Amino acid sequence: MRKSISYILVLLLIFSAAGCATIVQGTKQRIEISSDPQGATVEIDGEAVGTTPMKIKLKTPFNHTVVITKEGYKEEKVALSRAIGSAAAGNIFIWGPVGWAVDGLTGSQYRLVPDKVHVELKKEE
């Protein structure tokens with residue numbers, strides 16, 4: 001009986017100690033992408049996803065490459081890099097190592113930088 005209660009308490013502790021960033025941020029982030037002129041094709045990690053202006057949710061545990069193209073203009077590339085977000089710092093003080101581990105395993109401790117992409121396309125010569 002005591003073993004069962006101990007297991008239940010441990011499970012409750014684990015589930016109640018979800019990481020701060022997992023709760024606050026999640027594992028995706030909305031990125032705004034725009035260009036001047038508008039209507040440029042947007043590719044992310046080699047896949048066409050739409051035209052500017054647009055908003056898209058991207059997974060935060062990974063770096064991404066945004067390529068913006070428009071006929072008659074030079075191609076522009078922007079790197080989105082993952083960085084540890086401020087919500088992850090709350091784990092050290094609130095949830096301790098368990099929360100930090102949860103955020104690390106889920107990837108929610110990361111944010112993408114920059115969170116807005118705007119490019120001024122230059123005409124080809």
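Checking each residue in the range 70-94 for being modelled with pLDDT of 95 or more and either of a type outside the set (Lys, Arg) or over 12 Å from Leu121 (Cα atoms) (or both) picks out Glu71, Gly72, Tyr73, Glu75, Glu76, Val78, Ala79, Leu80. Of all residues in the range 45-69, exactly one satisfies the criterion of being over 14 Å from Arg111 (Cα atoms), surrounded by 20 or more Cβ atoms within 10 Å (Cβ to Cβ) and touching a Gly at 6+ places or on another chain (Cβ under 9 Å), namely Thr52. Among the residues of the range 70-88, those identified as open to solvent by less than 30 Å² (accessible area, probe 1.4 Å), among the small types (Gly, Ala, Ser) and not in a loop (DSSP other than H, G, I, E, B) are Ala87, Ala88.
Scanning the range 58-69 for residues that are in a strand (DSSP E or B) and over 16 Å from Glu124 (Cβ atoms) yields Leu58, Lys59, His64, Thr65, Val66.
The values are calculated or read from the model by the stated rules, or taken from the named source; none is laboratory data. Since this is a predicted model, take the numbers as computed values, not measurements. Note: ideal-geometry Cβ built from the backbone for every residue, glycine included; neighbour counts use all protein chains shown. What goes into the accessible areas is simple: the full protein's heavy atoms, side chains included, and nothing from ligands, DNA or RNA. Shrake-Rupley method; radii C 1.70, N 1.55, O 1.52, S 1.80 Å.
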